[in-house]
Amino acid sequence: MPQVTVGVSLKMYFGHRAAREWAAEVADIAARTPAVADGRIELFIAPTYPQLLPALEAVAGTRTRVAAQDAAAHDRGAYTGEVSPAELAEIGVGMVELGHAERRRLYGETDAVVAAKTAAALRNGLVPVLCVGETERVSPEEALASSAAQVRSAVADAPAGRLVVAYEPVWAIGAPEPAPVSHTRVVTAGLRELVAALPGRDGSVVVYGGSAGPGLLAELGDDVDGLFLGRFAHDPAALAAVLTEATALADAREGVRA
Ligand SMILES: O=C[C@H](O)COP(=O)(O)O
């Protein structure tokens, strides 16, 4: 089992060539990071659909996993423009981001849609990166309540399987700074308790996303299982810095377990 999970979504920021160059740099960094190579850090990248196959090729042999940024709720059929989770699994994609705040806000994805997509991902062997988080800045307790409700709704009827829950307060996405550590730790601690108690979800983890970058993992320490990065991992050197912090955290966790 990984000790720390670090993911990056490119959203739609990069063109094809820039994404290819970035994936090649990530592959180099992953190959030079022993904790990725030995599986203590689970590293995944989520490029756009046209970039999935080149990304899989770029990171082959480095243990970096490739995630899609979304997937359909159906395996096949007359769903023009959709991408099947079955086909994603067939090409070697291992994870899929679901319920991201931008999908919910811009494309009207409801909790019911996210639940249907989560079930589809799990029945096709994909690990859902299930994005949850409050839309307005509220107390950590209220944030936990609404995020927990989103998790419960997403998995209520889904087949068994591991989840990566990404706690992303909507107000901290695309912001200059991440949510305060004092806020995040209450929510992630509560979500960890929740997922640990869910039947059939062994190995599930809770990561933080929303303007995350170098320095945050060291601050959050044992309050999270990792980070889900966006803009602040566009610079490969910043991702390398986060992986250095993740390595220190993995080492510390191993020390605790030894
Ligand atoms: O998918 C990643 C998150 O939405 C965070 O993005 P951001 O770090 O650019 O705010």
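The values are calculated or read from the model by the stated rules, or taken from the named source; none is laboratory data. Remember, predicted model here, so these are calculated numbers, not experimental data. Cβ atoms come from the backbone with ideal geometry, glycine included; neighbour counts cover every protein chain shown. Keep in mind that these areas ignore ligands, DNA and RNA; they rest on the heavy atoms of the full protein, side chains included. Shrake-Rupley method; radii C 1.70, N 1.55, O 1.52, S 1.80 Å.
Tell me yes or no: at least one residue of region 145-152 is within 13 Å of the ligand (Cβ to nearest atom) and either over 17 Å from G230 (Cα atoms) or of a type outside the set (S, T, Y) (or both).
no
Filtered by the rule that a residue be closer than 20 Å to Q51 by Cβ and either within 16 Å of the ligand (Cβ to nearest atom) or not in a helix (DSSP H, G or I) (or both), region 76-91 gives G81, E82, V83, S84. Of all residues being open to solvent by 10 Å² or more (accessible area, probe 1.4 Å) and of a type in the set (A, V, I, L, M, F, W, C) in region 156-169, which is farthest from V114 (Cα to Cα)? Just the residue, please. Among those residues, the one meeting the criterion is A160.
The number of residues in region 215-230 being in a helix (DSSP H, G or I) and crowded, with 19+ Cβ neighbours inside 10 Å comes to 3.
Residues of region 162-182 that are more than 8 Å from the ligand (Cβ to nearest atom) and of a type in the set (A, V, I, L, M): L163, V164, V165, V170, A179, V181. Checking A58, A73 one by one, the residue that is in a helix (DSSP H, G or I), modelled with pLDDT of 95 or more, farther than 21 Å from G203 by Cβ and not basic (K, R) is A58 and no other. Looking only at region 1-51, residues that are more than 16 Å from the ligand (Cβ to nearest atom), assigned to a loop (DSSP other than H, G, I, E, B) and surrounded by fewer than 18 Cβ atoms within 10 Å (Cβ to Cβ) come to 5 in all. Looking at this structure, is E177 part of a loop (DSSP other than H, G, I, E, B), free of Cβ contacts under 8 Å to residues at least 40 places away in the same chain, open to solvent by 30 Å² or more (accessible area, probe 1.4 Å) and over 18 Å from A158 (Cα atoms)? Considered against the rule, which asks whether it is part of a loop (DSSP other than H, G, I, E, B), free of Cβ contacts under 8 Å to residues at least 40 places away in the same chain, open to solvent by 30 Å² or more (accessible area, probe 1.4 Å) and over 18 Å from A158 (Cα atoms), E177 comes out as yes. So for region 74-84 (the condition being among the hydroxyl-bearing types (S, T, Y) and in contact with a helix residue (DSSP H, G or I) (Cβ under 8 Å, 6 or more places away or on another chain)), does at least one residue qualify? No, region 74-84 has no match at all. Only residues that are more than 14 Å from the ligand (Cβ to nearest atom) and open to solvent by less than 50 Å² (accessible area, probe 1.4 Å) were counted in region 92-107, giving 3. The set of residues in region 233-258 being within 19 Å of V164 (Cβ to Cβ) and free of Cβ contacts under 8 Å to residues at least 40 places away in the same chain consists of E245 alone. Taking region 108-124 as the range and being open to solvent by 50 Å² or more (accessible area, probe 1.4 Å) and either within 11 Å of the ligand (Cβ to nearest atom) or among the aliphatic types (A, V, I, L, M) (or both) as the test, the residues that pass are A112, V113. The condition (being at pLDDT 95 or above, out of contact with any Leu (no Cβ under 8 Å at 6 or more places or on another chain) and open to solvent by less than 10 Å² (accessible area, probe 1.4 Å)) is satisfied by just one residue among A237, A172, A233, A212: A172. Out of E254, E219, E193, one residue alone is within 16 Å of the ligand (Cβ to nearest atom) and among the charged types (D, E, K, R). It is E219.
Can you find even one residue in region 181-197 that is at pLDDT 95 or above, open to solvent by 30 Å² or more (accessible area, probe 1.4 Å) and in a loop (DSSP other than H, G, I, E, B)? No - not one qualifying residue is present in region 181-197.
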